[in-house]
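Visitor: Below are the structure tokens for one structure; questions will follow.
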Amino acid sequence: MSLPVTTDGALRRRKVAFRSGRAPGPGKPAADLMVGNQFRGGFRRQGPRQRQGASPLTYAPYVCKHDPMPRRSAADAAVTRRTILDTARATFAEGGYQAATLDGIAVRAGVTRGAVHHHFGDKHELFVEVFEVVEREINDAVVTAALNATPPTGLEPFKAGCRRLFELFARPELRRIVLADAPAVLGLVAWYEIDRGFGLGTIRAGLQSLATGGALRHEDAEALALLLYGALTEASLALGAGLTTVEEDAIIETVERILRAFAPVAR
């Protein structure tokens, strides 16, 4: 179709009308048609051209209709963290620190290696967490045994705590983590700081309780705490690993004699 010769403005308006599929009819100027198409959405400079009578253009087919993945709750994260920690503890106890790998722990725990890094950083930090958990469990078990001693008076609570300590270190997995790997992995100073934070504090509290009950002189409690902490740590290792022929009862009787030697003198 040829367009009549006209001015540039009129020519442009007629081209718009032809592109929209509607030629100007009798008595309807092309300018009016162009304006009408603008209001009807027919005159567009961006996007695809819509056919007359078609449904409105929309991006709905390209929008994801599924809800976004919900963020994990704090409770879920705590469960994952505990699972990794328990799995790492079992892995360290069975094969030792050197043989353990983060990939192996992740597979065994049913999580990704990234999850292990997220919660614990690296293998060293994970081991430190395991070591502190084991130390806390040992300490709680010793305190519970002392509190449940029969009779709950005199030296019996302290002796019950010692006996429970020796029983725990008869378990190879605890000896490996606390007494074998921890000093090597953390270094003696760091290991000592964590271990004494639990063990020495508990022994000190037990001796203070004896002093309050009149079974020990108050002025001797701190010195005895330092001496017995070292002695009981060594005895736990020797008994648990079978490095001595001395019986457990003989060691506990010796501790009892030491404590009685520092009892207040009756006047």
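The values are calculated or read from the model by the stated rules, or taken from the named source; none is laboratory data. Note that the structure is a prediction, hence the values are computed from the model and not measured. Here Cβ is always computed from backbone atoms with ideal geometry, including for glycine, and neighbour counts include all displayed protein chains.
Visitor: Here's a check for you: in the range 143-153, which residue that is β-branched (Val, Ile, Thr) and either modelled with pLDDT under 95 or farther than 20 Å from residue 208 by Cα (or both) is surrounded by the most Cβ atoms within 10 Å (Cβ to Cβ)?
Guide: First, pick out the residues of the range 143-153 that are β-branched (Val, Ile, Thr): 143-144, 150, 153.
Okay, now just the ones that are also either modelled with pLDDT under 95 or farther than 20 Å from residue 208 by Cα (or both), so 150, 153.
Working: 150: 8, 153: 10.
In this case the residue turns out to be 153.
Visitor: Closer than 26 Å to residue 136 by Cα and modelled with pLDDT under 95: does that describe residue 201?
Guide: Numbers: closer than 26 Å to residue 136 by Cα: yes; modelled with pLDDT under 95: yes.
The answer is yes for residue 201.
Visitor: Given the criteria under 30 Å from residue 258 (Cα atoms), surrounded by fewer than 16 Cβ atoms within 10 Å (Cβ to Cβ), modelled with pLDDT of 95 or more and not small (Gly, Ala, Ser), does residue 140 qualify? First the steps, then the outcome.
Guide: Details: under 30 Å from residue 258 (Cα atoms): yes; surrounded by fewer than 16 Cβ atoms within 10 Å (Cβ to Cβ): yes; modelled with pLDDT of 95 or more: yes; not small (Gly, Ala, Ser): yes.
Judged against the criteria, residue 140 is a match.
Visitor: Same structure, new question: Listed residues 156, 167, 135, 173; which is crowded, with 18+ Cβ neighbours inside 10 Å and either among the acidic types (Asp, Glu) or on the phi > 0 side of the Ramachandran plot (or both)?
Guide: 135
Visitor: Are there any pairs with C-beta distances below 9 angstrom linking a residue in the range 140-158 that is among the polar types (S, T, N, Q) to a residue that is surrounded by fewer than 16 Cβ atoms within 10 Å (Cβ to Cβ), with the two at least 6 apart or on different chains, and if so which?
Guide: If the second residue must be surrounded by fewer than 16 Cβ atoms within 10 Å (Cβ to Cβ), the pairs left are 150/156; 153/213.
Visitor: Please give the helices (runs of 4 or more DSSP H) falling wholly within the range 156-260 in which 2 or more residues are over 32 Å from the mean Cα position of the chain (by Cα). Let's see the steps before the verdict.
Guide: On the way: elements: 156-168, 182-186, 188-212, 221-240.
Helices (runs of 4 or more DSSP H) meeting the threshold: 156-168, 188-212, 221-240.
Visitor: Suppose we filter the range 101-132 for residues that are outside any helix (DSSP H, G or I) and surrounded by 14 or more Cβ atoms within 10 Å (Cβ to Cβ); how many remain? Walk me through it before giving the result.
Guide: At the first step, the residues of the range 101-132 found to be outside any helix (DSSP H, G or I) are 101, 110-112, 121-122.
Pick out the ones that are also surrounded by 14 or more Cβ atoms within 10 Å (Cβ to Cβ) and you get 111.
Summing the residues that are outside any helix (DSSP H, G or I) and surrounded by 14 or more Cβ atoms within 10 Å (Cβ to Cβ) in the range 101-132 gives 1.
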